[in-house]
Amino acid sequence: MCADDYGISPAVNVAIRDLVVRGRINATSVMVVAPSFYRSGAISLNILNASETRVAIGLHVTLTAPYQPLSRNCQPVCDGIFLSKPKRARHSFLHLFRHEMLESEISNQLQEFITAFGRLPDFIDGHQHVHLFPQIREALLSVVNDVAPNVWVRQCGRIGPLHKRLTDPKAIAFDVLSTGFRRLANRYGVRMNPAFAGTYSFAKQADYAQIFPRFLLGLPSGSVVMCHPGFVDAELQRLDPLTILSEREHLFLIDSSFPSLLDAHGLTLLLLPPTNSY
């Protein structure tokens, strides 16, 4: 269970650490470019692993608006911030980025993580899944191969019969993009999670408690289930219009029904290194 977006706001950080202490999640990925990411937040997260390893801590590579790049000469940007996700996707699929620019920004975010946490991340994924895009995946996997060859990366392909995977258009796109991502990661010898789940429409009326059980169907060991739990504060409201879903996810994860649901599917949260198989 991986909570994305640690660092996006102080209230989200508190909610994620709360879930780690409760044993309801065992991974989180960190946005080092977020304005609210401070070293104190890294220290507070590190402390949770002081006596025993409770949580895998990863780098959430962020390359879309409304965040600013760490690289001084990062291009293209718009008024000093990253391009929006649609524009980032367009540039990626048209191969308009300069490889060295992407490598530089990803490397700088990785170095910022190392400075904050005193070590390499346990894994690397991407905010809004941009790490799956052409050009970006080449740059990210090149950096991982050169700097952090023992770090695993998140692929976002699902498992199961095709006819059962056709009801989620967003997840279908991730399935397709992950095919190319896995092929390239295997070429580099970079480890990946064998399966992924956690996507849904993010509509305000979404009932997370009803949606979540389908994420667990048929998951092999080492799979990643993504979530975005959090408490709401002014900073989260400024950056994310769907704040109500963050609190809804947190409420579900702290409920007694959550561990019972895992038990019913024969699943448990373990800090095991994912295999490279798919």
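The residues of the stretch 56-66 that are touching a residue at least 60 places away in the same chain (Cβ under 8 Å) and assigned to a loop (DSSP other than H, G, I, E, B), listed by number, are 62, 63, 64, 66. Checking the stated criteria, residue 8 turns out not to satisfy the condition of being buried (at least 18 other Cβ atoms within 10 Å of the Cβ), under 23 Å from residue 268 (Cα atoms) and among the β-branched types (Val, Ile, Thr). Once the stretch 84-102 is narrowed to residues that are open to solvent by 50 Å² or more (accessible area, probe 1.4 Å) and in a helix (DSSP H, G or I), the residue that is nearest to residue 177 (Cα to Cα) is 93.
Conditions tested, residue by residue: (1) at pLDDT below 90; (2) under 20 Å from the mean Cα position of the chain (by Cα).
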| residue | (1), (2) |
| --- | --- |
| 189 | no, no |
| 199 | no, yes |
| 222 | no, yes |
| 231 | no, yes |
| 250 | no, yes |
| 257 | no, no |
| 265 | no, no |
| 270 | yes, yes |
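For the condition part of a helix (DSSP H, G or I) and touching a helix residue (DSSP H, G or I) at 6+ places or on another chain (Cβ under 6 Å), residue 3 does not qualify. Within the stretch 55-83, the set of residues being modelled with pLDDT of 95 or more, open to solvent by 50 Å² or more (accessible area, probe 1.4 Å) and farther than 25 Å from residue 234 by Cβ is empty. Residue 38 falls short on exactly one of the conditions (1) farther than 27 Å from residue 223 by Cα; (2) in contact with an Asp or Glu (Cβ under 7 Å, 6 or more places away or on another chain), and that condition is (2). If you check 202, 258 for being among the hydrophobic types (A, V, I, L, M, F, W, C), open to solvent by 40 Å² or more (accessible area, probe 1.4 Å), within 23 Å of residue 159 (Cβ to Cβ) and touching a helix residue (DSSP H, G or I) at 6+ places or on another chain (Cβ under 7 Å), only one passes: 202.
If we scan the stretch 152-175, do we find a residue that is at pLDDT 95 or above, crowded, with 22+ Cβ neighbours inside 10 Å, more than 30 Å from residue 265 (Cβ to Cβ) and not aromatic (Phe, Trp, Tyr)? Scanning the stretch 152-175 turns up no residue that is at pLDDT 95 or above, crowded, with 22+ Cβ neighbours inside 10 Å, more than 30 Å from residue 265 (Cβ to Cβ) and not aromatic (Phe, Trp, Tyr).
Return the residues of the stretch 112-128 that are open to solvent by less than 20 Å² (accessible area, probe 1.4 Å) and assigned to a loop (DSSP other than H, G, I, E, B); say none if nothing qualifies. 121, the sole residue that qualifies. Among the residues examined, residue 131 does not qualify as modelled with pLDDT of 95 or more, open to solvent by 20 Å² or more (accessible area, probe 1.4 Å), under 30 Å from residue 47 (Cβ atoms) and under 19 Å from the mean Cα position of the chain (by Cα).
Selection of the stretch 26-48 for residues being under 20 Å from residue 128 (Cα atoms) and either crowded, with 17+ Cβ neighbours inside 10 Å or small (Gly, Ala, Ser) (or both) yields 27, 28, 29, 30, 31, 32, 33, 34, 36, 37. Restricted to the stretch 210-231, and to residues there that are open to solvent by 50 Å² or more (accessible area, probe 1.4 Å) and of a type in the set (A, V, I, L, M, F, W, C), the residue that is nearest to residue 193 (Cα to Cα) is 217.
The values are calculated or read from the model by the stated rules, or taken from the named source; none is laboratory data. None of these values were measured; they are calculated from a predicted model. Because the Cβ atoms are built from the backbone with ideal geometry, glycine has one as well, and the counts that use them run over all protein chains shown. Just so you know, the surface numbers come from the protein's heavy atoms only, side chains and all, with ligands and any DNA or RNA stripped out. Shrake-Rupley method; radii C 1.70, N 1.55, O 1.52, S 1.80 Å.
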